[in-house]
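What follows is a set of notes on a single structure, which appears directly below.
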């Protein structure tokens, strides 16, 4: 999920478009959770259907691949 979230963020993929496509594949809930985590707090993992990275994991990935 970390790499997908990084791609969503860096490529600025529209949430509505990706959610529509994800719905066709049956993974819309996971995509919505990724967008919610990007907007809010990665540390809130209650009730997620996918394993989201911790804030530290995601920050390290961003630093490694996105140069931030």
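The values are calculated or read from the model by the stated rules, or taken from the named source; none is laboratory data. Just so it is clear, the model here is predicted, and its values are computed rather than measured. All Cβ positions, even for glycine, are placed from backbone atoms using ideal geometry, and neighbour counts span all protein chains on display.
A count restricted to region 6-34 and to residues that are surrounded by 14 or more Cβ atoms within 10 Å (Cβ to Cβ), closer than 20 Å to residue 56 by Cβ and in contact with a helix residue (DSSP H, G or I) (Cβ under 9 Å, 6 or more places away or on another chain) stands at 4. Give me the residue from region 47-68 that is within 13 Å of the chain's Cα centre (by Cα) and loosely packed, with under 12 Cβ neighbours inside 10 Å and, out of that set, modelled with the highest pLDDT. Taking the candidates together, the pick is 51.
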